[in-house]
Amino acid sequence: MSTQQPRLPNRQTPFSEAFVAFIPTDWEPYAEELPGRLPAAEFTEARRDAVSAAFPGERLVVPAGPLKVRSNDTDYRFRPHSAFAHLTGLGTDREPDAVLVLEPSFADASATGDDIDAGGDDQGDGAGVEPTGHTAALYFKPRAPRTDPEFYADARYGEMWVGQRESLEEMTAMTGLACHPLADLPAALTAGIDRVETRIVRDVDDRLTTLLDELRRTNDVAFDPCVDVELATTLSELRLIKDEFEIEQMQLACDDTAVGFEAVARDFPTAVANGRGERWCEGVFSLHARHRGNDVGYGSICASGDHANTLHWIRNEGDLADGDLILMDMGVEVDSLYTADITRTLPVNGCFTPAQRKVYEAVLAAQQAGIDAARPGAKFSDVHTAAIRVVAEHLRAWGVLPVEVETSLDQLAGGHHRRWMVHGTSHHLGIDVHDCAQARQEYYREGTLRPGMVITVEPGIYFKATDILVPAELRGIGVRIEDDILITEDGARILSDKLPRDPDAVEAWLADLLGSTGA
Ligand code: GLY
Ligand code: MN
Ligand code: MN
């Protein structure tokens, strides 16, 4: 029979009246000096203006999202939704539950939501009023006074638990936005809901979306879910062309990522010696991602030997062996949340075997063809078309591809080469690793490359150890090379060029890092 003691209802010791009276006393006042403006804030107004122009006269709701439970009572580290970060300039750790609202203004002020509710007039149907733009407002949970139990008793938001939060004035100073307490948001969303079309970025903050849907229902607002999808699409397309700040941040992300790769490669001998070397590489890179930036931009892929042929190998549980290649696909996300996305496939002992070099050089040739195709005015798909042709040609020359190159490249009749490279060559990159993912086909896959776009070029060839169509000496070799490319006015710039790609340069770089000992 169990002798277990009954469990306490929770872990918190009740606070005595004496404690509650004592805790707010004898603290220095909060600093009067306001924090400086966020570097991104100089650019966010223009981004919001572009959204405003796309939806005249409509209320636009862009949530940051809530804290997400990892397990039980522990949360993941907070990372705001990308559209929110893009439009507010808020990055690392800010700001759980916050919501950006772009409130429409009209030439006739009596048509605003507040006035509609207060006056009950009949001008709110938009007839005869001209939208004149939007006023941006940030709703968030400002820090509670020390007299509030939140200060000491709230493990999710309390200052004693998670650190000092901003006041309304401080957040305004940082972002340049008018700021309001989150508690005021329901009233702001309710005002004029039956007259002003409201759109929200759905699937970010379920409680807020449910609240808005409920308001729509109870106020008999006809609602087509497409209106919300259109907002997400526009916000995604807005990020297709990066501004000066974004390009600077992406260069920083690439440079920081190069530092991380270098540290990992330098540690190859330790990774081999310690066992579970893939995990060691992941850990060393994570250290630098957290040290230099906010985090990794996505789960690092550290895939040694045949694991390289699993495209999203993030288990990273394998050993690193002398003689193996390790494919590492990793990116630092900087504090402003822009990320790099770089892949290098490196010989663990510093030297490619002839078979490894053969596959590596083929992938490099494909990548170079893709990079050469990445020019302003070219189609986004031209990059893949150029790279995949080179992949198919090599596969055919090696006797692997069972049909003619042209047959395989025929999308309807062929596609055989995809057995060895099933993924695309490029995607947009930015504040999300797969940035602009909601953009319409005609602006993305079928779109035209323009100055300010940042894309990856990342072909690969993957020969699984079990693939009997492949010559025995090539089985188990997987290679991807991925770089981040800025389209410029007259061509393209490789943002990730601090890491070598050429196989001789890779070996020289590794010799330098590993010294004479090798791995
Ligand atoms: N790291 C994911 C990708 O390359 O798309
Ligand atoms: Mn990528
Ligand atoms: Mn990648």
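The values are calculated or read from the model by the stated rules, or taken from the named source; none is laboratory data. Please read these numbers as outputs of a predicted model, since none were measured by experiment. Heads up, the Cβs are rebuilt from the backbone with ideal geometry, glycines too, and the neighbour counts pull from every protein chain shown. Quick note on the areas: whole protein, heavy atoms, side chains included, nothing else; ligands and nucleic acids left out. Shrake-Rupley method; radii C 1.70, N 1.55, O 1.52, S 1.80 Å.
Observations on the model:
- The number of residues in region 173-207 being hydroxyl-bearing (Ser, Thr, Tyr), buried (at least 18 other Cβ atoms within 10 Å of the Cβ) and in a helix (DSSP H, G or I) comes to 1.
- Residues within region 386-408 that are open to solvent by 40 Å² or more (accessible area, probe 1.4 Å) and touching a strand residue (DSSP E or B) at 6+ places or on another chain (Cβ under 8 Å), tallied: 1
- If you go through region 321-333 and keep only what is away from ligand 3 (no atom under 16 Å from the Cβ) and without any contact (Cβ under 8 Å) to a residue 60 or more places away in the chain, you end up with 321, 323, 324.
- Boolean, residue 320 is within 28 Å of residue 292 (Cα to Cα), part of a loop (DSSP other than H, G, I, E, B) and within 16 Å of ligand 1 (Cβ to nearest atom): no
- Among (1) crowded, with 17+ Cβ neighbours inside 10 Å; (2) within 16 Å of ligand 2 (Cβ to nearest atom) - the single one residue 312 does not satisfy: (1)
- Against the list (1) in a helix (DSSP H, G or I); (2) away from ligand 3 (no atom under 16 Å from the Cβ); (3) surrounded by 24 or more Cβ atoms within 10 Å (Cβ to Cβ), the condition residue 383 fails is (2).
- Tally of residues being within 20 Å of residue 203 (Cβ to Cβ) and either part of a loop (DSSP other than H, G, I, E, B) or among the aromatic types (Phe, Trp, Tyr) (or both) across region 47-76: 8
- Residue match in region 261-269 (condition: within 16 Å of ligand 1 (Cβ to nearest atom) and within 21 Å of residue 360 (Cβ to Cβ)): yes
- Options 434, 427, 423, 416: the member that is open to solvent by 60 Å² or more (accessible area, probe 1.4 Å) and within 16 Å of ligand 2 (Cβ to nearest atom): 434
- Total residues in region 21-44 satisfying the condition of being in a helix (DSSP H, G or I) and either of a type in the set (Phe, Trp, Tyr) or surrounded by 16 or more Cβ atoms within 10 Å (Cβ to Cβ) (or both): the figure is 4.
- Residue 374 vs. criteria of a type in the set (Gly, Ala, Ser) and crowded, with 20+ Cβ neighbours inside 10 Å: yes
- Failed condition for residue 247, given (1) part of a helix (DSSP H, G or I); (2) over 30 Å from residue 508 (Cβ atoms): (2)
- The number of residues in region 349-369 being open to solvent by 30 Å² or more (accessible area, probe 1.4 Å) and either touching a Phe, Trp or Tyr at 6+ places or on another chain (Cβ under 7 Å) or not in a helix (DSSP H, G or I) (or both) comes to 3.
- If you go through region 338-348 and keep only what is part of a loop (DSSP other than H, G, I, E, B) and under 24 Å from the mean Cα position of the chain (by Cα), you end up with 338, 340, 341.
- Residue check for residue 273: part of a helix (DSSP H, G or I), of a type in the set (A, V, I, L, M, F, W, C) and open to solvent by less than 40 Å² (accessible area, probe 1.4 Å): no
- Residues (surrounded by 24 or more Cβ atoms within 10 Å (Cβ to Cβ) and over 17 Å from the mean Cα position of the chain (by Cα)) located in region 285-308: 285, 302, 303, 304, 308
- One residue alone among 353, 310 is farther than 29 Å from residue 252 by Cβ and within 15 Å of ligand 1 (Cβ to nearest atom), and that residue is 310.
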